[in-house]
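Here the structure is laid out as structure tokens; the discussion comes afterwards.
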Amino acid sequence: MRKTLALGLYLAAGIASASTYGLGSKITPFSLEDQHGKAHRVDERVRAIILSHDMEAGEIIGRALARNGKRVLEKHRAVYLADLSGMPGFLRRMFVLPKLRERSYPMLLDTSGDIARQLPSREGFVALIFLSGLRVVSVEYVKDSSALIATLESPKRFASY
């Protein structure tokens, strides 16, 4: 009986932590710090959130933004949100943050996972969450850097705006 109850509670917790925001949902504005400790606000001006939940997705985004990342983000009024909640704090502080500070574009860092877990995602994929006035109008999942840029550049992403 106790095992069944424990399993039930575990499954319920997993369901509760599934993404809160889906198509048509309005995201509550939020602020996160970037890799340099500067706060960034996600509000009605943001048109896209590029989300990574794991290292594989982070590497895809890193390759896509390597050359002109800051310009690409500004052009598309996009933010890059990296979920670092699964990483131990010691590793994050000692090894990851120094490497992230070398990047020329801002990365919003969700160290608690409180925001990232509310957004749509798929393991191993980059989630592109397109917004209009903070309302989720489209979600695309990409597996490589050229698809990420092509999806951002696609005029059809504005069809729902």
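The values are calculated or read from the model by the stated rules, or taken from the named source; none is laboratory data. Computed from a prediction, not measured in an experiment: that's the story for all the values here. Cβ atoms come from the backbone with ideal geometry, glycine included; neighbour counts cover every protein chain shown.
Key figures
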read-out: Pairs where the first residue, in segment 131-156, is charged (D, E, K, R) and the second is assigned to a loop (DSSP other than H, G, I, E, B), C-beta under 6 Å, 6+ apart; value: Lys143/Phe125
read-out: Residues of segment 140-160 that turn out to be at pLDDT 90 or above and in contact with a Ser or Thr (Cβ under 9 Å, 6 or more places away or on another chain), as a count; value: 3
read-out: Output for segment 40-65, where each listed residue is among the aliphatic types (A, V, I, L, M) and touching a residue at least 24 places away in the same chain (Cβ under 8 Å); value: Val42, Val46, Ala48, Ile49, Ile50, Leu51, Ala57, Ile60, Ile61, Ala64, Leu65
read-out: Tally of residues being in a loop (DSSP other than H, G, I, E, B) and either touching a Leu at 6+ places or on another chain (Cβ under 8 Å) or of a type in the set (A, V, I, L, M, F, W, C) (or both) across segment 126-156; value: 1
